[in-house]
Amino acid sequence: MLSLFMVFLIFGSLLPLAHEMHVRLELKKERLVAFETLHEAARTIASTGRTEGQRSVNGIVYSWQADGHCVEYVNFKGKQEHLCVE
(Lines give C-alpha, C1' and ligand atoms only; values in the text may rest on other atoms or scores of the structure.)
Protein backbone atom coordinates (compact mmCIF):
# COMPACT_ATOMS: atom_id res chain seq x y z
CA MET A 1 0.00 0.00 0.00
CA LEU A 2 2.82 2.38 0.85
CA SER A 3 4.58 1.67 -2.45
CA LEU A 4 1.38 2.44 -4.35
CA PHE A 5 1.14 5.75 -2.51
CA MET A 6 4.76 6.58 -3.42
CA VAL A 7 4.12 5.81 -7.09
CA PHE A 8 1.02 7.99 -7.05
CA LEU A 9 2.94 10.78 -5.35
CA ILE A 10 5.77 10.69 -7.87
CA PHE A 11 3.70 10.41 -11.03
CA GLY A 12 0.73 12.41 -9.81
CA SER A 13 2.41 15.52 -8.48
CA LEU A 14 6.17 15.62 -8.88
CA LEU A 15 6.42 14.86 -12.59
CA PRO A 16 3.88 17.52 -13.67
CA LEU A 17 5.70 20.01 -11.45
CA ALA A 18 9.06 19.08 -13.00
CA HIS A 19 7.57 19.41 -16.50
CA GLU A 20 6.19 22.88 -15.74
CA MET A 21 9.56 23.97 -14.36
CA HIS A 22 11.27 22.66 -17.51
CA VAL A 23 8.87 24.62 -19.77
CA ARG A 24 9.46 27.83 -17.80
CA LEU A 25 13.22 27.36 -17.95
CA GLU A 26 13.14 26.78 -21.71
CA LEU A 27 11.09 29.96 -22.26
CA LYS A 28 13.53 31.95 -20.12
CA LYS A 29 16.49 30.56 -22.08
CA GLU A 30 14.87 31.62 -25.34
CA ARG A 31 14.23 35.10 -23.94
CA LEU A 32 17.88 35.32 -22.86
CA VAL A 33 19.03 34.40 -26.37
CA ALA A 34 16.68 37.07 -27.76
CA PHE A 35 18.37 39.70 -25.57
CA GLU A 36 21.79 38.39 -26.64
CA THR A 37 20.62 38.74 -30.25
CA LEU A 38 19.70 42.37 -29.59
CA HIS A 39 23.19 42.94 -28.19
CA GLU A 40 24.81 41.32 -31.23
CA ALA A 41 22.52 43.40 -33.45
CA ALA A 42 23.69 46.61 -31.79
CA ARG A 43 27.31 45.62 -32.40
CA THR A 44 26.52 44.75 -36.03
CA ILE A 45 24.71 48.04 -36.58
CA ALA A 46 27.63 49.98 -35.14
CA SER A 47 30.27 48.14 -37.15
CA THR A 48 28.61 47.49 -40.52
CA GLY A 49 25.52 49.70 -40.60
CA ARG A 50 23.17 46.80 -41.41
CA THR A 51 19.61 47.44 -40.27
CA GLU A 52 18.30 43.87 -40.06
CA GLY A 53 19.48 40.32 -39.74
CA GLN A 54 18.90 36.86 -38.39
CA ARG A 55 20.52 34.52 -35.92
CA SER A 56 19.77 30.85 -35.44
CA VAL A 57 20.28 29.20 -32.04
CA ASN A 58 19.15 25.64 -31.27
CA GLY A 59 16.86 25.58 -34.30
CA ILE A 60 15.09 28.83 -33.45
CA VAL A 61 15.54 31.77 -35.84
CA TYR A 62 15.77 35.18 -34.16
CA SER A 63 15.12 38.04 -36.60
CA TRP A 64 16.18 41.53 -35.57
CA GLN A 65 15.55 45.01 -36.95
CA ALA A 66 17.27 48.28 -36.12
CA ASP A 67 13.97 50.19 -36.33
CA GLY A 68 12.57 50.00 -32.83
CA HIS A 69 15.40 47.74 -31.64
CA CYS A 70 13.23 44.63 -31.82
CA VAL A 71 13.72 40.90 -32.22
CA GLU A 72 11.09 38.35 -33.25
CA TYR A 73 11.11 34.58 -32.93
CA VAL A 74 8.79 31.60 -32.65
CA ASN A 75 9.27 29.87 -29.28
CA PHE A 76 9.40 26.11 -28.81
CA LYS A 77 5.65 26.07 -28.14
CA GLY A 78 4.99 27.61 -31.58
CA LYS A 79 3.98 31.03 -30.27
CA GLN A 80 5.29 34.18 -31.99
CA GLU A 81 7.32 36.34 -29.60
CA HIS A 82 8.21 40.00 -30.12
CA LEU A 83 10.79 41.64 -27.85
CA CYS A 84 11.77 45.31 -28.01
CA VAL A 85 14.20 47.43 -26.00
CA GLU A 86 12.93 50.85 -24.99
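Points worth noting:
- Largest-first ellipsoid semi-axes for the chain, taking √(5λ) over the Cα gyration tensor eigenvalues, angstrom: 41, 10, 9
- Area of LEU4 that stays accessible when all protein chains are in place (1.4 Å probe, Å², to 10): 120 Å²
- In the elastic network of the chain, a GNM with C-alpha springs shorter than 10 Å, the most mobile of PHE35, PHE76, PHE11 is PHE11.
- Partner aspartates and glutamates whose Cα lies under 15 Å from the Cα of LYS29, excluding those fewer than 8 positions away in the same chain, are identified as GLU20, GLU72, GLU81.
The values are calculated or read from the model by the stated rules, or taken from the named source; none is laboratory data. Remember, predicted model here, so these are calculated numbers, not experimental data. For accessibility, only protein heavy atoms count, side chains too; no ligands or nucleic acids. Shrake-Rupley method; radii C 1.70, N 1.55, O 1.52, S 1.80 Å.
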